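The structure appears right after this line, and notes come after that.
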Amino acid sequence: MTLVSIITPSYNQARYLEQTLRSVLEQDHPRIEYIVIDGASTDGSVEIIKKYAGRLAYWESEKDKGQADAINKGFARASGEIVAWLNSDDYYLPGTISKAVKAFEENPAAVLVYADMLAVDENGQTFNTLTYKQLTFDDLLCFQIIGQPAVFMRRSALEKTGGLDPAFHFLLDHLLWIRIAKQGRLLHVGQVWSAARYHAEAKNVAKAAEFGREAFRILENIAQDKDLAPTLLRIDRRAHASAFRVDARYLLDGGLPADALRAWFRALFIYPPVALKRMNIFVSAVLNLLGLGKLRELVLQRRKKQQTR
């Protein structure tokens, strides 16, 4: 039976941590190696971890150098054939790990499998289902984003990458997917496996404007990789336009509609199809600048409520 290693990096997320831990420990797959790396939390997280310590393969609570460092510590201890990490404010749905194992068993050439996921608020209420598609290597270089909580990797492929780059803090997962994809096939499974929590303290909300900067740094990183540089050169305009599109999206999330609009127009100038596929960014930025953003949100919320009745 395949051993699966799950790592949870944690720092001051006591409000959500127990749900995360239980979502792993209550999976139906019989062989799970669960590793929790806490960054010396002071909010009661350690007490929660101790409550489940007897069911953990390893845990620690000490200062680290950030999320990448914490996850890499977990990777170094992982011995499972399949590896994943689950942040301390996200959670798996029942049966997820068994489904991931089955996907790998049925697709031996796959080095990374990923599925769809729920977007939930701070109270655990679902407000969106994030569905993905089967991506190519070119798609990754053009910042087609995969939901990290729904990703599982072969440890043999992960080890060849050297793990997460600690110089990255916001798109660190996407750079890792690119490095893993050099080695084999990506596989999308059309199932919902996990839930990602969006709340005020989450990086994708609190520091949204930082994501775009890292997109451009990823392109610089790839351009220096002798194996990847030729592929990037072939799709350079699409890739750089996509970086501006990522920048626009997160600037909009960060409450900077004017900057988002400028980034969207840069994408339009460099490679129009990339920007035109995300006209919603343009529309939302304009509405926010006109003071109509709240009105649009209310209309969308009303539509969602009507659809669920």
- Hits in region 227-236 (condition: within 11 Å of C142 (Cβ to Cβ) and surrounded by fewer than 12 Cβ atoms within 10 Å (Cβ to Cβ)): none
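Can you work out which of the residues in region 85-111 that are of a type in the set (D, E) and over 17 Å from the mean Cα position of the chain (by Cα) is farthest from A70 (Cα to Cα)? Working first, answer last.
First pass over region 85-111, keeping only residues of a type in the set (D, E): 89-90, 105-106.
Narrowing the set further to residues that are over 17 Å from the mean Cα position of the chain (by Cα) leaves 105-106.
Numbers: E105: 29, E106: 31 Å.
If we take residues in region 85-111 being of a type in the set (D, E) and over 17 Å from the mean Cα position of the chain (by Cα), then E106 is farthest from A70 (Cα to Cα).
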- From the set of residues in region 134-143 that are of a type outside the set (A, V, I, L, M) and in contact with a helix residue (DSSP H, G or I) (Cβ under 8 Å, 6 or more places away or on another chain), which is nearest to N107 (Cα to Cα)? F137
- So which of L232, L276, L292, L228 is outside the structural domain of L172 (by TED's automatic domain parsing) and at pLDDT below 90? L292
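Mind listing whichever residues of region 204-231 are within 19 Å of R266 (Cα to Cα) and in contact (Cβ under 8 Å) with a residue 12 or more places away in the chain? Give the steps one after another, and end with the answer.
Kept after step one, since they are within 19 Å of R266 (Cα to Cα), are these residues of region 204-231: 208-220.
Within region 204-231, A208, A209, E210, F211, G212, R213, E214, A215, F216, R217, I218, L219 meet the criteria.
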- Please specify each residue of region 245-273 satisfying the condition of being more than 24 Å from K207 (Cβ to Cβ) and either surrounded by fewer than 18 Cβ atoms within 10 Å (Cβ to Cβ) or among the aliphatic types (A, V, I, L, M) (or both). L268, F269, I270, P272, P273
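Name the one entry in L171, L140, L158, L118 that is modelled with pLDDT under 95 and either crowded, with 21+ Cβ neighbours inside 10 Å or within 19 Å of D225 (Cβ to Cβ) (or both). Full working, then the answer.
On the way: L140 fails: modelled with pLDDT under 95; L158 fails: modelled with pLDDT under 95; L118 fails: modelled with pLDDT under 95.
After ruling out the rest, the residue left standing is L171.
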- Task: Given the conditions (1) over 18 Å from the mean Cα position of the chain (by Cα); (2) assigned to a helix (DSSP H, G or I), report the number of the one that G255 does not fulfil.
- Result: (2)
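Report yes if F265 is farther than 26 Å from I180 by Cβ, of a type in the set (F, W, Y) and assigned to a helix (DSSP H, G or I), otherwise no.
Yes, satisfied.
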- Message: over 22 Å from V120 (Cβ atoms), surrounded by fewer than 19 Cβ atoms within 10 Å (Cβ to Cβ), in contact with a strand residue (DSSP E or B) (Cβ under 6 Å, 6 or more places away or on another chain) and of a type in the set (K, R): which single residue out of R77, R55 fits that description?
- Response: R77
- Query: In region 221-250, what residues are within 16 Å of I145 (Cα to Cα) and of a type in the set (A, V, I, L, M)?
  - Reply: A239, A241, A243, V246, A248
- Task: Would you check if there is a residue in region 181-198 being more than 22 Å from L289 (Cα to Cα), in a helix (DSSP H, G or I) and either over 15 Å from the mean Cα position of the chain (by Cα) or without any contact (Cβ under 8 Å) to a residue 24 or more places away in the chain (or both)?
- Result: yes
- Item | Test: E220 is outside any strand (DSSP E or B) and over 19 Å from the mean Cα position of the chain (by Cα) | yes
- D253 at pLDDT below 90 and among the acidic types (D, E): yes
- Task: Would you tally the residues in region 103-112 being in contact with a Lys or Arg (Cβ under 9 Å, 6 or more places away or on another chain) and either aliphatic (A, V, I, L, M) or not assigned by TED's automatic domain parsing to the domain that holds P149 (or both)?
- Result: 4
- With (1) assigned by TED's automatic domain parsing to the domain that holds Q148; (2) surrounded by fewer than 20 Cβ atoms within 10 Å (Cβ to Cβ); (3) modelled with pLDDT of 95 or more as the list, and K182 as the residue in question, which single condition is left unmet? (3)
- Query: Any idea which of (1) at pLDDT 95 or above; (2) surrounded by fewer than 23 Cβ atoms within 10 Å (Cβ to Cβ) is the one Y92 doesn't satisfy?
  - Reply: (2)
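The values are calculated or read from the model by the stated rules, or taken from the named source; none is laboratory data. Since we're looking at a predicted model, the values are computed, not measured. All Cβ positions, glycine included, derive from the backbone under ideal geometry; neighbour counts span all protein chains shown.
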